[in-house]
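First comes the structure, then the notes that go with it.
Any read-out appearing in this document is the output of simple, stated calculations on the displayed coordinates, not a laboratory observation. Being a predicted model, the structure only gives us computed values, none of them experimental. Note that each Cβ is placed from the backbone with ideal geometry, even for glycine, and that neighbours are counted across all protein chains shown.
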Amino acid sequence: MSRLSRTSLVELADRLPSRERQILETVERFRLLRADQARRLFFSEIESEAGGARLCRRALANLVEEGLLRRLERRVGGARAGSSGHLYVTRAAGKRLLAYWSGTGIASNRGVHEPGSAFASHTLAIADLYVSLVEANRSGEFELLGFETEPACWRAYTTALGAQATLKPDALVRLARGDYEFVSFAEIDCGTEGRGALLKKAYAFLYYFRTGREQAETGVFPRVVWLTPQASRAKFLATLFAGLPVEARQLFVAGGTEEATALLTGSESRLILSGGAR
């Protein structure tokens, strides 16, 4: 059912359960989602983890049966991961349905290609960050005000030579705790980029900082938080940033993914909500 007539599209839009619509929207937002991530996001109210997993599998299976999602052959976590390790992407019919809901017109009916391993790992790491922040928000650790993914978090700017460029962070995160708001550009590093590529990305942030555009529009420049699962890689990143110009060093902080909450609520990214940007 990957090719939907307009009539079938409208009928499906009307009868699809709201939770399945949210799952479909989230898969499209991150471009790739793991089954256990969907369970943690949308079935957290189920007391039994097994019960939540069962309902999640049912919802995902229905979205696959309707032709809106595609379950990839690849699993994450090996054979023992079971169905929780299955990966899902939006099919052409799902994209068309989302376009219909948004009122932007009917998207093309192109197929979805199997993503490469590097792309999958990076995309799932971004989704993992979002899931962990949603769970921390539920527990009252802080308030998750916003999590913008690409391309919504990208920033266009003009270089010193007059060329048009685009800064492409992985996410823009806004958190609040008490009277303070914390805003950060998040970079998820999976250890695949070399020194040259990392420096190029770091200088892109610096050049954008120098334009003053973000500060003029929002009153603050977000701290750039680089997160990596490897302790040695975090140390390498910190050393790399220490060699940058002084004005650049204050922009960046690197650490492990397990430190994400602490890094994203660091004092350097703090705004006073009651008095505007500081």
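Side notes on the structure shown:
- Dividing the Cα radius of gyration of the chain by its Kirkwood radius returns 0.99 for Rg/Rh.
- Here the chain is scanned for GluC sites (Glu not before Pro) in DSSP loops (not H, G, I, E, B) that have at most 10 other Cβ atoms within 10 Å, and the longest stretch holding none of them is 48-278.
- Our coupling estimate for the stretch 211-225, obtained by passing each phi through the Karplus curve with A = 6.51, B = -1.76, C = 1.60 and θ = phi - 60°, is 5, x, 5, 5, 5, 5, 7, 10, x, 7, 9, x, 5, 9, 9 Hz, Gly and Pro reported as x.
- Exposure proxy shown here: for His86, His122, the number of other Cβ atoms within 10 Å sets the order, fewest to most, as His122, His86.
- Using only alpha carbons, the stretch 138-229 has a radius of gyration to Kirkwood radius ratio (Rg to Rh) of 1.00.
- Listed values for the stretch 157-168 are Karplus-derived 3J(HN,Hα) couplings in whole Hz (6.51 cos²θ - 1.76 cosθ + 1.60, θ = phi - 60°), namely 7, 10, 6, 4, 8, x, 7, 8, 9, 10, 7, 10, and x replaces Gly and Pro.
- Between 0 and 90 degrees, the angle of helix 18-30 with respect to the longest Cα principal axis of the chain falls at about 40 degrees.
- In this Cβ point-charge picture (+1 for Lys and Arg, -1 for Asp and Glu), the chain has a dipole of about 780 debye about its Cα centre.
- For the stretch 120-275, the calculated P(r), taken from all Cα-Cα distances in 10 Å bins from zero up to the bin holding the longest distance, is 10, 41, 37, 11, 0 percent.
- Karplus-derived 3J(HN,Hα), 6.51/-1.76/1.60, for each residue of the stretch 61-73, Hz, glycine and proline x: 4, 5, 5, 5, 4, 6, x, 8, 10, 10, 8, 6, 5
- Placing pseudo-labels 7 Å out from each Cα toward the beta carbon at Ser139 and Glu217 gives an inter-label distance of 3.4 nm.
- Segment Ala160-Cys190, length gained on full extension (0.36 nm per residue, minus Cα span): 7.7 nm
- For the chain, the longest principal axis of the alpha carbon atoms and the long axis of helix 92-102 meet at an angle near 70°.
- Rounded FRET efficiency, nearest 0.05, which uses the C-beta distance separating Arg6 from Leu55 and R0 of 25 Å: 0.20
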